[in-house]
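Comments concern the structure below.
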Amino acid sequence: MMRSKVLSLVPRATGACRTMSTATKLTTVEVNDKTGIATLTMNRPPVNGLNLELLRDLHKSIEEIEGNKSRGLILTSSNATIFSAGLDILEMYKPDKERIRAFWTSLQDVWLALYGSSVPTAAAINGHSPAGGCLLATACEYRVMLPKFTIGLNETKLGIVAPKWFMASFLSVLPRREAERALNQGRMFTTDEALQIGLVDEAASTKEEALDKCAQFIGTFAKVNPLARSLTKQQLRAVELEQLENERAQDLEKFLFFINQPAVQKGLGIYLESLKKKAKN
């Protein structure tokens, strides 16, 4: 009850917005002139699959938001039913040697930038959010999700092992027992289930309401010293951030070794075929 009263006093994300420069149209950034909050929107049809180009754009956009001293960052999607479908399988199936290295390195970059962002971050989850989509959402500090969608790290169902830093995001949000069970089962949670266990913080009926609630969360830091807040957050997340920073090369090699295993490639091929059949029906 206290949280609701506090949030209701925060300025809403209304007023004139200005669009910042972006590398391509795979992401857009709009800054609300009244609140100073930047909304970063993923825009790669049909499902915001995280390929090399989208990851590079996300990283550039996050850095741009950090650089222009925005008061906060809200991550969302232009798709009405998909937040992000996760890592683009085509990047990992029969991969080009140089591109797959750049792809995974860019994913590392995005997570480090988002999880370690100096500004308050929130995700307006306006669609399904499996695997890499869930990774992005849990890298944010606050999550608001629309009804009748699902979210989770379902890598084990695809025959993939989530790296330690994927798990770190999950563990920063869920109790260890819940996180361990969900990761092992590759479980996807409905909005109601995610809200019940704390995987998301609030539910919203519309995207506009979700964006508004995210903005209200960011607004709760209006009277907090920005530098003190940033340094506190960075200290709280230092172990996970430093672990990936120190093990980036090893993490990359582990991924390359795993993804090139014949059994993994076979599984990815089967999954792609199933997607093709669904698309035809």
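The values are calculated or read from the model by the stated rules, or taken from the named source; none is laboratory data. On a predicted model such as this, the values are computed, not experimentally measured, just so you know. As a convention, Cβ positions derive from the backbone with ideal geometry for all residues, glycine included, and neighbour counts pool all protein chains shown. Just the protein is used for accessible areas: all its heavy atoms, side chains included, with ligands, DNA and RNA removed. Shrake-Rupley method; radii C 1.70, N 1.55, O 1.52, S 1.80 Å.
Given only helices, namely DSSP H runs of n ≥ 4 each adding -39500 (n - 2.57), what is the per-residue ellipticity at 222 nm of the chain, to the nearest 500 deg cm²/dmol?
Numbers: 13 runs with 143 residues, N = 281.
Rounded to the nearest 500, the figure is -15500 deg cm²/dmol.
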Relative contact order of the chain: what whole-number percent is it, with Cα pairs under 8 angstrom and at least 6 residues apart? 18 percent
Do any trypsin sites (Lys or Arg not before Pro) in region 38-105 lie in a DSSP loop with no more than 12 other beta carbon atoms within 10 Å, and if so, which? LYS69
Accessible area per residue, Å², region 27-280 with all protein chains present, probe 1.4 Å: 46 Å²
Taking Rh as the Kirkwood radius computed over alpha-carbon pairs of region 136-257 and applying Stokes-Einstein at 37 °C with viscosity 0.692 mPa s, one gets a diffusion coefficient in µm² s⁻¹ of 204 µm²/s
Taking a threshold of 23 Å on the Cα-Cα distance, which of the pairs LYS97/LYS278; LYS157/LYS278; LYS69/LYS207 fall above it? LYS97/LYS278; LYS69/LYS207
Members of LYS164/LYS266; LYS94/LYS280; LYS34/LYS223; LYS94/LYS254; LYS94/LYS276 lying beyond 20 Å, as alpha-carbon distances in this model show: LYS164/LYS266; LYS94/LYS280
When the accessible area of region 27-280 is split by element with a 1.4 Å probe, what percent falls to carbon and sulfur? 55 percent
Of ALA182, ALA249, TYR93, which is farthest on the positive side of the dipole of the chain, counting Cα position, with +1 on Lys and Arg Cβ, -1 on Asp and Glu Cβ, and the Cα centre as origin? ALA182
Placing unit charges on C-beta atoms (Lys and Arg positive, Asp and Glu negative, everything else neutral), compute the dipole magnitude of the chain about its Cα centre in debye, rounded to 20. 440 debye
Applying the gyration tensor rule to the Cα atoms of region 27-280 (axes a ≥ b ≥ c; rounded if a/c under 1.5, else prolate if a/b exceeds b/c, else oblate), the class is prolate
